[in-house]
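Right, one structure below, let's go through it.
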Amino acid sequence: MKPLQASSGDVLADRRAGYAEMLFSSGDHAAAADLMRDALDLSPGWALGWFRLGEMREAAGALDAAAEAWTTALELDPRDRPGAALKLALIGRAPSAETSSSAFVEALFDQYADTFDAALVEKLAYRVPALLSDAIHMQGRNTFRLALDLGCGTGLMGEVLRPHVERLEGFDISGRMLAKARARAIYDRLEKADLQDFRYEGGRPDLIVAADVLIYLGALERVAKTVAGLLSPGGLFAFSVERLAREGDFALQPSRRYAHSEPYVRRLLGENGLDVLWLEEHVLRLDRGEPVVGLIVVASFPPP
């Protein structure tokens, strides 16, 4: 997959876009949007530029104009690597999708890979691996034969699991994140995979972990069914979601992540034959200085 086109390919257009970013940073959102639109006159096929124009117009309160820009970005990049469809849904100009596009998630984390660990751990007080590890060990299990780390990223969760697992396999949609995970040398296998259509043909794992990944999937029916079909009897499924504080099963948030309600999580697990062993609310990380509250969950098949 090619990276997002950060440059328009036109020197003058890039210069105007750079000035637009300076205006935006200073708080003059409307002027920034005007200048970015001028840049796009010079490079009208620049999908990421149109997406950024939409963000500038949104900040200036011009939602109709923002919708026009995001619609253009989507037309230029139908795979929607910038995530324009999610932005349209958030301002009520498109139906809310049940999941993020795979291309958006892949592009997001390919770009984020180099700064991922530092941003999460040092700046955002990321706690999910430690919280999930504690919840797993509270079930009286300290060793596992085979663990699958779904959405393994750079390996932050795998690093916590490694001392307690005989065989550890990681899967992620981002090739650049997998390269970072490979450099840790803690996984027995790493493979590129899309969790929206995940297939696994190895042995039956006795631990499946999804740390901070289901927040990009929205509807979790397919993943829950897949996990239930893979787990060995008595195996554990440990995962995190951001908590939806209002009514409903799940909802897209301004962060372009999904939040899930506790009743939805419990119902979905039960429908797939899994018992909830542990479910607690915790602060998962910070986002723009504010705590993100989520659910730490461990489920298992009931004992025979």
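The values are calculated or read from the model by the stated rules, or taken from the named source; none is laboratory data. Note that the coordinates shown come from a computational prediction; the quantities given were computed from them, not determined experimentally. FYI the Cβ positions are ideal-geometry reconstructions off the backbone, even for glycines, and counts take in every protein chain you see. In case anyone asks, the SASA skips ligands and DNA or RNA and just uses the protein heavy atoms, side chains included. Shrake-Rupley method; radii C 1.70, N 1.55, O 1.52, S 1.80 Å.
The table below gives the values:
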| item | result |
| --- | --- |
| Under-5 Å amide H pairs with VAL165, H placed in peptide plane, nonlocal only | PHE144 |
| Furthest towards positive pole of dipole, GLY92, ALA130, SER7, structure part the chain, Cβ charges | ALA130 |
| Euclidean distance of C-alpha centroids, region 241-285 and region 76-155, integer Å | 15 |
| Dipole in debye (nearest 20) - region 80-213, about Cα centre, beta carbon charges: Lys, Arg +1; Asp, Glu -1 | 100 |
| Accessible area of region 162-304 belonging to carbon and sulfur atoms, whole % at 1.4 Å probe | 50 |
| Per residue, in Å², the accessible surface of region 163-212 once ligands and nucleic acids are set aside, probe 1.4 Å | 48 |
| Point-charge dipole on Cβ atoms (K/R +1, D/E -1) for region 137-212, about Cα centre, debye to 20 | 220 |
| With at most 13 other Cβ atoms within 10 Å, longest stretch of the chain clear of loop trypsin sites (Lys or Arg not before Pro) (DSSP) | 1-198 |
| MRE, 222 nm, helices only [DSSP H, n ≥ 4, -39500 (n - 2.57), over the chain, to nearest 500] | -12000 deg cm²/dmol |
| Apportionment of accessible area to carbon and sulfur, region 1-119, percent (1.4 Å) | 55 |
| Dipole magnitude of region 1-140 about its Cα centre (Cβ charges: Lys, Arg +1; Asp, Glu -1), debye to nearest 20 | 100 |
| Rg in Å to one decimal, and Dmax rounded to a whole Å, for region 45-142 via C-alpha atoms | 17.9, 57 |
| Rounded to 5, percent antiparallel among DSSP beta bridges of the chain | 50 |
| Gained length - ALA118 relative to ARG79, 0.36 nm times residue gap less alpha-carbon distance | 11.1 nm |
| Relative contact order of the chain, pairs being alpha-carbon contacts under 8 Å that are 6 or more residues apart, as % | 13 |
| Extreme residue, positive dipole direction of the chain, given options ALA181, VAL283, LEU23 (C-beta unit charges) | ALA181 |
| Among VAL227, VAL121, VAL241, residue whose mean-square fluctuation peaks in a GNM of the chain (springs only between Cα atoms under 10 Å) | VAL121 |
| Solvent exposure of region 10-97 as accessible area per residue, Å², 1.4 Å probe | 47 |
